[in-house]
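Structure, as structure tokens:
Just so you know, all these numbers are worked out from the coordinates, no wet-lab data involved. Because the structure is a prediction, the values reported are computed rather than measured. Here the Cβ positions follow ideal geometry from the backbone for every residue, glycine too, while neighbour counts run over all protein chains shown.
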Amino acid sequence: MSTKYFPKDFLWGAATASYQIEGSPLADGAGSSIWHRFSHTPGNILNGDTGDVAADHYRRYKEDIALMKEMGLKGYRFSIAWPRIYPYGKGKINEKGMDFYDRLVDELLEAGITPFITLYHWDLPATLQDLGGWANRDIACWFADYADYMFQRLGDRVENWSTLNEPWVVAFVGHLFGEHAPGMKDIYSAFLVTHNQLRAHSKAVRAFREANIANGKIGITLSNTSHDPATDSMEDKIAAKVAHEWNNYPLFLHPIYYGDYPDTVKEFLKEYLPKNYYKDMEEIKEEIDFVGINYYSGDLVKFDPDSPLGGKSVERGLPKTEMGWEIYPEGFYKILKGLQDEYNPKEVYVTENGAAFDDKVENGEVHDHKRIDYLKKHFEMAHKAIEDGVKLKGYFVWSLLDNFEWAFGYSKRFGIVYVDYNTQKRIIKDSGKWYSQIIKNNSLDF
Ligand code: BGC
């Protein structure tokens, strides 16, 4: 068997998000975010957990960067908390909040780690929510102004930028299912939010081009679940295709690459979006430098005339993670290959992939062999995708640290580094040690 090397300069890293790890959400003049409000509203988060302390990364970032260095990470994907920079969402800047990200970036560069910034990973300034949040058309300008300011302040040191993390989750889990902030259950808002995120994304991309950052790259990060038809019947195939176009990269990339929603979405949206939404498409169609793919799991789809999208999930008996998500590495390959075939992006990054398991500390160590197995199988699929022409340039494991898993609070651990929430002590799990060997060898075989 030949050794499976990854391409030279492959960016191996780990990912986090501001509200999930930082803690101190109101420190040094920061404004409140929708997640601060949501988690402080009783009944929203398992066990009443909040992001008030999280992994205390706001104060321990140096220690965390030292751990990244110890594991040999080449890249680190993190997000900026918009309300630390603009406590009121727009207008007055909070220099002390800015200072945190300045120091974080400098420390990463000092450690030889490439920063990969996400501008929005769900912690919208609460004052903007009071104005309608993502459902207000003006947010495209608010977001582009914030993005532009970040390009001005960090663009001298940071080349890689992602505008939005998982806009599907923001739109539907936050505005239709009500499980995430801002906790709405309103289908009209969900579609407006989908559309306005696209508008905001593209305006930020234009600001990025004007900022003219040396070697700068900008893209978007999208959530994906592999949807396969339960049988070969035409009905199941259509149901799986509809689920794919509504839930995965096509919903956002079709507008960005072709200036139109996918066919299965378009007809439906007409009813919900303002009549002139097609005009926006000219603006939304804007070249990007890479697509960020988040992938965790698969879903077998069967035709169901009673479900809104015409399909329902059926059990296929695969092993599951602690989230109850089935482990389906083949689906990861299908997503990566499908993306390259359908949109031919210039570059692709896996911006998130990983798994939650019930980790236990035993004599100061965490033997998370299930996570190693999960990652190995997904790395193999990524390697196969590269061999088959996918322009994959890097891979960020979710997550660097155990953290605040949104509505599940601290009950789910995704980290390759264990966090003891009582003491804030960190322990590199066996998966973290194993990952550092992969990175060192740039290969799956060692
Ligand atoms: C999000 C992360 C989240 C992870 C696991 C993704 O949807 O971007 O913030 O923790 O999946 O649920």
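List of remarks:
- Computed [θ] at 222 nm, helices only, for the chain once each DSSP H run of length n ≥ 4 contributes -39500 (n - 2.57): -11500 deg cm²/dmol
- Subtracting the Cα-Cα distance of Arg137 and Ser233 from 0.36 nm times their residue separation leaves 30.4 nm of extension gain.
- Counting DSSP beta bridges with both ends in the range 173-331, the antiparallel % (nearest 5): 30
- Interchain or long-range residues, amide H under 5 Å from Thr114's placed H: Gly75, Tyr76
- Global geometry of the range 267-322, whether rounded, prolate or oblate, following the gyration tensor of its Cα atoms and the 1.5 cut on a/c: oblate
- Cα-based equivalent ellipsoid, the range 380-446: semi-axes from gyration tensor eigenvalues, Å: 29, 16, 8
- With K and R counted +1 and D and E -1, the other residues having a Cβ less than 12 Å from that of Glu110 yield a net charge of +2.
- Label zone (Asn363, point 7 Å along Cα-to-C-beta; backbone nitrogen cut-off 16 Å) within the range 412-436: 430.
- For Ala211 and Lys8, a Förster radius of 30 Å and the Cβ-Cβ distance give a FRET efficiency of 0.55, rounded to the nearest 0.05.
- Contour minus Cα-Cα distance for Ser411 and Lys433 (0.36 nm per residue): 5.6 nm
- DSSP bridge orientation in the chain - percent antiparallel, rounded to nearest 5: 25
- Once you divide the Cα radius of gyration of the range 164-240 by 2.2 N^0.38 Å, the number left is 1.47.
- The H on the amide N of Glu405, modeled in the peptide plane, is under 5 Å from the matching H of Tyr410, Ser411, Lys412, each at least 5 residues off or on a different chain.
- Reachable lysines from Lys302, criterion Cα separation under 18 angstrom, eight or more residues apart if same chain: Lys237, Lys241, Lys312
- Dipole orientation for the chain: of the candidates Leu46, Leu73, Ile139, Leu73 has the Cα lying most toward the positive pole (charges on Cβ; Lys, Arg +1; Asp, Glu -1).
- Alpha-carbon centroid distance for the pair the range 343-417 / the range 7-57, whole angstrom: 18
- Per-residue 3J(HN,Hα) values for the range 122-130, derived from phi via the Karplus relation 6.51 cos²θ - 1.76 cosθ + 1.60 with θ = phi - 60°, read 5, 8, 5, x, 4, 5, 6, 4, 5 Hz in sequence order (x marks Gly and Pro).
- Calculated log₁₀ intensity ratio I(q)/I(0) where the Debye formula runs over C-alpha points of the chain, q = 0.08, 0.11, 0.14 Å⁻¹: -0.42, -0.84, -1.47
- Normalised per residue, the volume of the convex hull around the Cα set of the range 320-388 (Å³): 97
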